[in-house]
1. Restricting attention to strands (runs of 3 or more DSSP E) lying wholly within the range 393-470, give those where 1 or more residues are surrounded by fewer than 20 Cβ atoms within 10 Å (Cβ to Cβ) and at pLDDT 95 or above.
2. Would you be able to say whether some residue in the range 43-50 is without any contact (Cβ under 8 Å) to a residue 60 or more places away in the chain, crowded, with 17+ Cβ neighbours inside 10 Å, in the same structural domain as GLN328 (by TED's automatic domain parsing) and touching a strand residue (DSSP E or B) at 6+ places or on another chain (Cβ under 6 Å)?
3. Would you mind telling me which numbered condition in (1) surrounded by 13 or more Cβ atoms within 10 Å (Cβ to Cβ); (2) under 13 Å from LEU316 (Cα atoms); (3) among the acidic types (Asp, Glu) GLU363 fails?
4. Can you give me the number of residues within the range 341-381 that are touching an Asp or Glu at 6+ places or on another chain (Cβ under 9 Å) and either free of Cβ contacts under 8 Å to residues at least 40 places away in the same chain or acidic (Asp, Glu) (or both)?
5. Out of the residues in the range 98-152 meeting the condition of being of a type in the set (A, V, I, L, M) and either assigned to a strand (DSSP E or B) or more than 27 Å from ASN197 (Cα to Cα) (or both), tell me which one is nearest to the chain's Cα centre (by Cα).
6. Answer yes or no as to whether LEU30 is part of a strand (DSSP E or B), at pLDDT 95 or above and in the same structural domain as GLN328 (by TED's automatic domain parsing).
7. Looking at (1) β-branched (Val, Ile, Thr); (2) surrounded by 21 or more Cβ atoms within 10 Å (Cβ to Cβ); (3) free of Cβ contacts under 8 Å to residues at least 12 places away in the same chain, which one does THR255 not meet, given that it meets all the others?
8. Determine if the range 307-314 includes at least one residue that is surrounded by fewer than 20 Cβ atoms within 10 Å (Cβ to Cβ) and basic (Lys, Arg).
Amino acid sequence: MFLYIKQEYPEIANQGLVYMDVWPIGYPMLAVYHPNMMAQFIQENSLPKFWAMSQVEFKGFTGGQDLVNLDGLEWKKARSLFNPGFSAKNLLSLVPDMIEEVLIFRERLRKVATTGEVIKLEDYTTNITVDIVGRAVLGTRLQTQVKPNHLMETMKSQVGLIYFGLDLPKQLNLILPLKNWIYNRMIRNELAPYILNTAQNYEKIEGPKTIVALALKEYINEVQDYTARENIPSEFVERVIKHIKIFMFAGHDTTATVLAYIYYMLSKHPDKAAKIRAEHDEVLGTDPTAAASLIRADPTLLNKLPYTMAVLKETLRLFPPVGGSIRQSPPGHFLTHPETGVRYPTYGFMMHSSAATVLRDPEYWPDADSFIPERFTTRDESDPLHPVKNTWRPFEMGPRNCIGQELVFVEVRLILALTVREFEVEETYPADAPSWMGFKAYQITHPEVVSTAHPKDGLPVRVKSRSQGD
């Protein structure tokens, strides 16, 4: 929406921001377009999240008591609790567990490649990312690729109750609080045993530690009571469950869409697909079937795939699942345009760092609508393709950047390393299907998964096997 407003009213938007009164659909808004003005309230002075996120939008889902919505000291404590689990080093240690799930994904692709049936690619990428998040966060096999999973089905049903704008059927639904209470109880009953079992058996866990296990370690170190493992307070369990819910929801949903879009974009750009496959041949050997064993033995091989990372970053630039961060300002707060020096008041507005707009802005990205992964491989700052400071922000920036971005980097590189040489996809949209911004697989708001962008119709494709050497 903000991108089209900028295109429609360039004389206003080129001042760096746009004020909008969208009542009764939403709150008075301030869309910020200049990356260095975004930095003023996201990075240099990280302002609190907009009040309605915790008190209205996520109130039923987590009570606003999660890492996305908390502020101040409570947020700092939560972030420090989970930082160790989301570190690059720890996530690489979990790669052997992730590989088990990716091999199931690969078998599913082989099966549909043999039958030639049309699938919704997003369904397949969603299931694999759910299973990887289950391994990384909880240390359990959710097996959503094999059979329906009660935890995720319940969570999906509850996510469908969230609303971010004018939605009278939800806002006037008197049984909505009851539904949220029931779902919260069901999800708690599913998750609490994982937390308590991890706490009580922490010393017995061999090898890599999950995100929850490391959070419990941080908690036990914090309270300096090593008998706490046997008696974790129920308030702490409740707190961890709320964080896990946001990790499970945000961690699979956004990764699934970007993974689907990567396969889609590689199908549209055979030259880029050839480059990523050549990189995999060089780093992992020319036998794709041996890649899993090699990576299991040395997960750091994933760090030697710069072009694969560039493909991921360029896909996120074109199809960011989240449009930006939403903040609120104190009275007397201003944003200053760095070139003109003009100061703009912000108090009383929902401030939006319009990341999805700056990611497609031709002022910062030459040939902005084209898929050019090479933007992220050049180290020469004088190269026109080199990303401008503060402009690549699909995970946002500053102290409140997405804690899960390292997990995205690890799992997407792993999945591509084990599949992209063996398969390619072919979109199966009808010939007369509408295009938007040059693609039939344009991003939409899904009525059941309301908070992030998804590919139209789940991205229908046929999966094709590639003969070796193609």
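The values are calculated or read from the model by the stated rules, or taken from the named source; none is laboratory data. Fair warning: this is a prediction, and the values are worked out from it, not measured in the lab. Every residue, glycine as well, gets a Cβ built from its backbone with ideal geometry; the counts of neighbours run over all protein chains shown.
1. Numbers: elements: 423-427, 443-445, 453-455, 460-465.
It comes to 423-427, 460-465.
2. no
3. The number of the failed condition is (2).
4. Of the range 341-381, the ones touching an Asp or Glu at 6+ places or on another chain (Cβ under 9 Å) are 353, 355, 360, 362, 368, 371-376.
Subsequent filtering for residues that are either free of Cβ contacts under 8 Å to residues at least 40 places away in the same chain or acidic (Asp, Glu) (or both) retains 362, 368, 374.
Count: 3.
5. Applying the filter and picking the extreme gives LEU121.
6. Details: part of a strand (DSSP E or B): yes; at pLDDT 95 or above: yes; in the same structural domain as GLN328 (by TED's automatic domain parsing): yes.
So LEU30 passes the test.
7. Among (1) β-branched (Val, Ile, Thr); (2) surrounded by 21 or more Cβ atoms within 10 Å (Cβ to Cβ); (3) free of Cβ contacts under 8 Å to residues at least 12 places away in the same chain, THR255 violates only (3).
8. Yes, the conditions are met somewhere in the range 307-314.
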